[in-house]
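For reference, the structure is listed below as structure tokens.
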Amino acid sequence: MVPRKRLIIFVPLPGEENYKPFFILSRAINDEEGILLENKIKEIKKKIVSELNRIKDLKDIEKLRVECLGRRGVVTLLLRKLGMLSPEERPKAGQLLNQTKGEIEELLKTKEVEIEKLESEKKLQGEGVDITFPGRKIDKGTIHPINLVLREIEEIFLSLGFKMEEGPEVELDYYNFEALNIPKDHPARDDQDSFYITKDILLRPQTSPVQIRTMENQKPPVRIIATGKCYRRDATDSTHSPMFHQIEGLAVDKDITFGDLKGILTVFVHRMFGKDRKVRFRPGYFPFVEPGAEVDVSCLLCEGKGCRSCGYVGWLEIMGAGSVHPRVLEMVGYDPEEYSGFAFGMGAERIAMLKYGINDIRLFFENDLRFLKQF
Amino acid sequence: MQVSYNLLKEYIDIDISAGELAKRLTINGIVLERMEKISTKIEKVIVGRITAIDQHPENKKLSVCQVDIKEEVLQIICGAKNMKVSDKVVVALEGAKLPQIGIIKSKKFKNVLSSGMLCSASELGIEPGESPGILILEEDAVLGEDIRKIIKFDDTIFDFEIHSNRPDLMSIIGIAREVAVITDNKLKTPEIKIKEEDERIEKDITVKIEAEDLCPRYTGRVIKNITVGESPLWLKWKLKLLGARPINNIVDITNFIMMETGQPLHAFDLDLIKGKTIIVRRSRTGETICTLDDVERQLPFKSLVIADIEEPIALAGIMGGKHSEIDQNTKNVFLESAYFSSVNNRRSTAKFGLRTEASNRFEKGIDKEVQIYALDRAADLINKIAMGKISSGKIDTNKKLYQPCKINLRIKRVNRILGQLLDKDESKTKNKIINILNKLEFKVVEGKGEYIEVIPPSFRGDVEREIDIIEEIARIYGYDKIKPTLFNHTIAQEGKNFRFKVIDQARETLIGCGLNEVITYSFISPDIFDRIRIPEGHKLRNAIKIKDPMTKDHSLMRTSLISSLLEVIKWNTNRQAELVKIFEVGKIYLPCPEKPNSLPQEKLIIAGAINKIGRGDIWEKSLSLDIFDIKGIIETVFQGLKVEIWEVVPGNHPAFHPLRNGKIIMGGEEVGIFGEIHPEVINNYRIPGKVNWFEIDFENLLPHVPSDIKYCVLPKYPSVERDLAVIIKEEILSVDIIKTIKSIDEKLIKKVTLFDIFKGKQIGDSFKSLAYSVVFQAEDRTLTDHEVGNTFKKIREKLMVKFDAKIRE
Ligand SMILES: [Zn+2]
């Protein structure tokens, strides 16, 4: 007869109050008892599974884990008592217990993940927002339409190898008239009624003085554009403003021709107003260029058929241009036999009005935000 | 210059339509400003002859006329008195249509039947307003002929814009010459047959030129026994087409000849020229003249006048005097056709503020050879129309005023300027050029090979050098035929210099900060200085003054952008804007007091302003914009420009809240200001809410903007952050605390950030508690707690000593 020992272990089982023994594990050394152990373990597992089904939050999972696998958990206690078994039986029982432990851990883990998922889903459900609320944006500002147009024009000429220059708005009569082949008492002075500060100083009525200042400061080749404010004694109405903006261009080199003028300005018009626009050059008079030209673009509204905005001629005048007058070259010390060039000038307001369909020049200087924010 | 299609046809055959003609002229540089088709709805209006005039039996004011209309004699009642038996008149028949009146019906005037109507010039639409009497036709008018055969009522009026270099186009003949170039037909100038009497001109007039420089040529004729009266129908009609108003036959003739030939004429009443002497001289001090427009004018010293032996009788080339005016009593006239210097004319015109058709032509320069043609043409017409007798001989002080000049034209040069030959074949090019020049009435002398000699006609004073001829060639050849080309080679240059790039960058940042760019006038009113609280004598009040400003608002050049932008805010808040955030990149203009005749200093300023009165949306409602919003904008701009070293000191600008404004200092120099605009200023502009402002003096900023970026090695060792709160007196500036903290160990202390402020009873009324986080980091090692603790202790001690601060950790 094999001596037998009766072993009674009190273990709390999941779902029961702590330390309240509700299940007595009898352990026997013999086969019979071994079988009993196996049954008990199965029972534990079953009990745990049923407990897990009841469990709804992570806290209870943790509690169950402690009750089973914690220091005083049922599986731990069983493992601790393994030593009481006979050496032959111990491996088998140990293996069984360890396997069970693993299985329980797995079950707990699975349930844990399940609950975590449920819980986070539940949490998200409580975090709803009204996505139609406005975004917390920084209202982006806008560039003034005149500067928008100037920038576009500048970009075109920069890409054609021109350089940006600038000059004073309060200018000497010399740079504004005399050096541009408009001596005192020249009839062309009537065309521009200027604001004078003194006899010899005025608010420039055109950006052309920048041409002279540039040529005085550098040797050819010259290829510049200059933009800026100009002033004329015009009373304010829908097409006139005492202050306005001009874009001036100048190219001087050894072999520049009237054909180059036509080529460059045609490229400009096509980039600014579209490839389909027709460009027309016709004779015009500006004392500092000769031959002088007026540049027309086919009407943007009627495509050249004739409408109210183009005065039924199908063309819109957009700039003045011409080959630089030899006298202008002489005045800055360039030899007109060696050098030639072309110059052009246009009004930014007019270009902007044509491009954006604006019909009143005053809008540019009233600075109404409802206007400005459109650009 | 106004002219009509039919009128031009009298001088040149035209085989293209009016519309086509206008288009071709525009392409040749004679720009059409306005084109108007005219037609008058006149029907059943014919030429008749008065055979008898009786007074109406019941109304003395009316005449009962018997009018022969070839087929029959009509009885017509007429209110006018200017007709006599055998006069040819214009008869509107029963059922006739007249433009103003409508359909004419026979009707009885106090029991006397009137079968039609005798027409005046205004009733025919020839003259504006109301004519004084009925229209009397010339003797040679054909009885019974439809009036539409005499006057071409259907016509096209052209109004050409004449450039100041082409005064020759201010005449019918001038325009007709350009038409001739287009149509290739020959110009038909009116022929003149002068019938001179035996009596010599010298008997009645002597002309002395005392100012030959201003009057290089003076010509004249005497015409006697004239009859001043209404102009004939054809002349009235022509004047209408030319946009002029008929006055009397003599004045109308001089006006018409001026518009036909471009030569202004003046007719004096010969009998009112004292001493029978015309003296062309400069005016003397104190002289006055009453001009035709009934204005008594002080004569500026040394301006050219036409005088008799006693006093000035005309402003040379501008306007005649009232005294010697032609009127109904004038019997004899002296007709003047002169060449006055354009420079003198311009100056006088400017001084008088008086510009006339005549002065406009003189000041641009008239044909040097047309004086006699115009004089004789007018004399001829006065003879024919006003029955005047032309004395024999004429005054002409300088027959050789026009000196033809030869200009060498190099064919190669044409090619060089235009970029191409007019023809592939060089000799054909030469022929084409000669052909164009001939069309323009330039004389061409075949030169030897390389060049040709060209002599421009007398009416083309604007053609002085080779380039002027090249322009004429290009103009007539056609700009459209010149091939567009692009530059032969590129030049390497920096398109945008650093300055332009920095402006762009600043502008982009401001837009990114939500500011809208504005552009305002550079002008200001002197009133704004009071409005923005600039005290008397302050340098900002020293602004550049514009001579004769158009309005007070445009009388000074601005020295500050403040008023400009406040006006914009006002404009927008007046229009219910709840949030205004604006900026401008614009100049101010500062006079150089030490050099009054030099150009002012123009400084580029970047200024911005923000104002919020509305609630805004759900997120914005709690946010009120204050000085730190505006300061933040400047900081962002500086950040964008990589400008890192600058400091802020309290400011003293009078336009700002005295305790809420600061100056930005870089390298000891003021680079900008910011702050809250003074409530008084806001009130002066009637702006609701507060305005916070910044401005950056771009010229001062630019030298501090780095032009390139240098990469710094990233730190290898971790940083340690410690917080401390400092209880200090209210007036101590945060920046001084930060500077002091950093000064403890410039190497180790990387960053000091103010993250909280507390004020309250617990710490005492005049105290504040500022909380900072301090970041420590070494480049070569991980800092130990001990190291950080030591430095931190030093910070505490220093703050306690320096600011009498209480420290809480
Ligand atoms: Zn159109």
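The values are calculated or read from the model by the stated rules, or taken from the named source; none is laboratory data. Owing to the predicted nature of the structure, the values given are computational and were not obtained by experimental measurement. Counting neighbours? That spans all protein chains shown, and the Cβs are built from the backbone with ideal geometry, glycine included. Heads up: the accessible areas ignore ligands, DNA and RNA and are worked out on the full protein's heavy atoms, side chains in. Shrake-Rupley method; radii C 1.70, N 1.55, O 1.52, S 1.80 Å.
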*asked:* Being open to solvent by 10 Å² or more (accessible area, probe 1.4 Å) and under 25 Å from residue B:315 (Cβ atoms) is the filter here; which residues of region B:208-241 pass it?
replied: B:208, B:209, B:210, B:212, B:213, B:214, B:216, B:217, B:228
*Members of region A:141-183 found to be more than 10 Å from every other protein chain (Cβ to nearest Cβ) and on the phi > 0 side of the Ramachandran plot, listed by number*: A:181
*Where in region B:185-252 are there strands (runs of 3 or more DSSP E), lying wholly inside it, with at least 3 residues that are of a type in the set (Lys, Arg)?*
B:217-224
*So residue B:16, is it open to solvent by less than 80 Å² (accessible area, probe 1.4 Å), within 14 Å of another protein chain (Cβ to nearest Cβ) and modelled with pLDDT of 90 or more*: no
_Single residue of B:650, B:600, B:593 found to be closer than 19 Å to residue B:694 by Cα and of a type outside the set (Phe, Trp, Tyr)_ = B:650
*Only residues that are in contact with a helix residue (DSSP H, G or I) (Cβ under 6 Å, 6 or more places away or on another chain) and either of a type in the set (Lys, Arg) or part of a helix (DSSP H, G or I) (or both): list them for region B:414-449, please.*
B:414, B:417, B:418, B:430, B:433, B:436, B:439
*Given the conditions (1) within 14 Å of chain A (Cβ to nearest Cβ); (2) within 30 Å of residue B:484 (Cα to Cα); (3) free of Cβ contacts under 8 Å to residues at least 60 places away in the same chain, report the number of the one that residue B:363 does not fulfil.*
(2)
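Considering only helices (runs of 4 or more DSSP H) fully contained in region A:309-366, which possess at least 2 residues that are of a type outside the set (A, V, I, L, M, F, W, C) and under 19 Å from residue B:519 (Cα atoms)? Spell out the reasoning first.
Numbers: elements: A:326-331, A:348-356, A:363-366.
By residue number, A:348-356.
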*Do the conditions hold for residue B:289, that is, is it surrounded by 23 or more Cβ atoms within 10 Å (Cβ to Cβ) and in a strand (DSSP E or B)?*
yes
*Cβ-Cβ under 8 Å pairs, at least 6 apart or on other chains, region A:294-308 side in the same structural domain as residue A:322 (by TED's automatic domain parsing) and open to solvent by less than 30 Å² (accessible area, probe 1.4 Å), far side within 8 Å of the ligand (Cβ to nearest atom) and among the hydroxyl-bearing types (Ser, Thr, Tyr)*: A:299/A:309; A:302/A:309; A:306/A:312
*Residue check for residue B:600: in contact (Cβ under 8 Å) with a residue 24 or more places away in the chain, facing chain A (nearest Cβ under 8 Å) and farther than 22 Å from residue B:512 by Cα*: yes
*When only residues in region A:152-179 that are among the hydrophobic types (A, V, I, L, M, F, W, C) and over 45 Å from the mean Cα position of the chain (by Cα) count, which is surrounded by the fewest Cβ atoms within 10 Å (Cβ to Cβ)?*
A:179
*Exclusive hit being closer than 30 Å to residue B:586 by Cβ, assigned to a helix (DSSP H, G or I) and out of contact with any Cys (no Cβ under 8 Å at 6 or more places or on another chain), set A:143, A:156*: A:156
*Determine the pairs where a residue that is over 26 Å from residue A:211 (Cα atoms), located within region A:312-324, has a partner that is within 16 Å of the ligand (Cβ to nearest atom) and open to solvent by less than 10 Å² (accessible area, probe 1.4 Å) with Cβ atoms under 6 Å apart, the partner being 6 or more residues away or on another chain.*
A:314/A:299; A:315/A:296
*Out of all the residues in region A:260-287, which are among the basic types (Lys, Arg) and either outside any strand (DSSP E or B) or under 13 Å from residue A:157 (Cβ atoms) (or both)?*
A:262, A:271, A:275, A:277, A:278
*Somewhere in region A:313-321, is a residue away from chain B (no Cβ under 11 Å), within 16 Å of the ligand (Cβ to nearest atom) and farther than 30 Å from residue A:221 by Cβ?*
yes
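What are the residues in region B:613-660 that are hydroxyl-bearing (Ser, Thr, Tyr) and either open to solvent by less than 50 Å² (accessible area, probe 1.4 Å) or part of a helix (DSSP H, G or I) (or both), if any? Full working, then the answer.
Taking region B:613-660 first, the residues hydroxyl-bearing (Ser, Thr, Tyr) are B:622, B:624, B:636.
Correct list: B:622, B:636.
Looking at A:249, A:306, A:228 in this structure, which one is more than 7 Å from chain B (Cβ to nearest Cβ) and within 16 Å of the ligand (Cβ to nearest atom)?
A:306
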*Under 6 Å by Cβ, and 6 or more places apart or on different chains, what pairs join a residue from region A:48-72 that is closer than 19 Å to residue A:118 by Cβ with one that is among the small types (Gly, Ala, Ser)?*
A:51/A:15
